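Structure in structure tokens, see below.
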Amino acid sequence: MLHPLQFDDEHLKRGCDIQRTRRGGPGGQHRNKVETAIVITHRATGVSAQAAEQRSQHANLNSAMERLKVNLAIAIRTTPLPTSPSALWKSRVRNRRISVSVSHADYPLILTDALDALLRCDNDVVAASEFLGLSTSQLIKFFKSKALVFDHVQQIRKRAKLRPLK
């Protein structure tokens, strides 16, 4: 089964329900008069995201889509788990270091690779980093790049009765 993030944005968007609504936020006298807030839900998985911080519905849709991608990367594991890192992952690793910005379009798919590797290695960060061709500190730093991701990894480790990462 392909991970939802392996499809292009338009295909992903077609598989989602998009709700436009009113929410608090910027807008001055236009607040609560126009539906600029966006709630987007991936139908196949039930994973959702929302955005309401911009005055523009289009900007909020873009923000909600980016959040949805990260949420999908966190919530959905690739099945079967990969036996080696993806070509995309390998293209981002040099000298046991990963190079990707959280704002880059590839980030959610690269995050999927890292979380799949963690599951494949029974939540052992050392084994997962070896599997991915990284130093352990680089993998932990990658997980820390987004608080939501690091909290997720910490919860996984807690459920597995492993000590938290520092």
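The values are calculated or read from the model by the stated rules, or taken from the named source; none is laboratory data. These figures come from a predicted structure and were not determined experimentally. Quick reminder, even Gly has a Cβ in these numbers, built from the backbone with ideal geometry, and neighbours come from all protein chains shown.
Go through the residues of segment 96-106 one by one and say whether even a single one is in a strand (DSSP E or B) and farther than 20 Å from Asp9 by Cα. Working first, answer last.
Step one: filter segment 96-106 for residues in a strand (DSSP E or B), giving 97-98.
Okay, now just the ones that are also farther than 20 Å from Asp9 by Cα, so 97-98.
Within segment 96-106, one or more residues are in a strand (DSSP E or B) and farther than 20 Å from Asp9 by Cα.
Can I ask one more? Would you confirm, using the coordinates I've provided, whether Ser91 is of a type in the set (S, T, N, Q) and exposed (fewer than 15 other Cβ atoms within 10 Å of the Cβ)?
In short, yes.
Test of understanding: among Val149, Val70, which residue is under 24 Å from Leu12 (Cα atoms) and in contact with a Pro (Cβ under 7 Å, 6 or more places away or on another chain)?
Val70
Could you identify the single residue in Glu66, Glu130 that is among the acidic types (Asp, Glu) and under 30 Å from Glu35 (Cβ atoms)?
Answer to the check: Glu66.
Can you find, within segment 107-161, the residue that is farthest from Pro85 (Cα to Cα) among those that are assigned to a loop (DSSP other than H, G, I, E, B) and free of Cβ contacts under 8 Å to residues at least 40 places away in the same chain? Steps first, please.
Step one: of segment 107-161, the residues assigned to a loop (DSSP other than H, G, I, E, B) are 121-124, 133-135, 145-146, 160-161.
From the residues that got through so far, the ones that are free of Cβ contacts under 8 Å to residues at least 40 places away in the same chain too are 121-124, 135, 160-161.
Working: Cys121: 13, Asp122: 16, Asn123: 16, Asp124: 16, Ser135: 15, Ala160: 23, Lys161: 26 Å.
Among residues in segment 107-161 that are assigned to a loop (DSSP other than H, G, I, E, B) and free of Cβ contacts under 8 Å to residues at least 40 places away in the same chain, the one farthest from Pro85 (Cα to Cα) is Lys161.
Here is a list of conditions, (1) modelled with pLDDT of 95 or more; (2) surrounded by fewer than 18 Cβ atoms within 10 Å (Cβ to Cβ); (3) among the hydrophobic types (A, V, I, L, M, F, W, C), and Val47 meets all of them except one; can you say which number that is?
(2)
Residues are listed down the side, and each one gets a yes or a no for (1) small (Gly, Ala, Ser); (2) in contact (Cβ under 8 Å) with a residue 40 or more places away in the chain:
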| residue | (1), (2) |
| --- | --- |
| Arg67 | no, no |
| Leu72 | no, yes |
| Arg77 | no, yes |
| Pro80 | no, no |
| Ala87 | yes, no |
| Lys90 | no, yes |
| Arg94 | no, no |
| Ile98 | no, yes |
| Ala105 | yes, no |
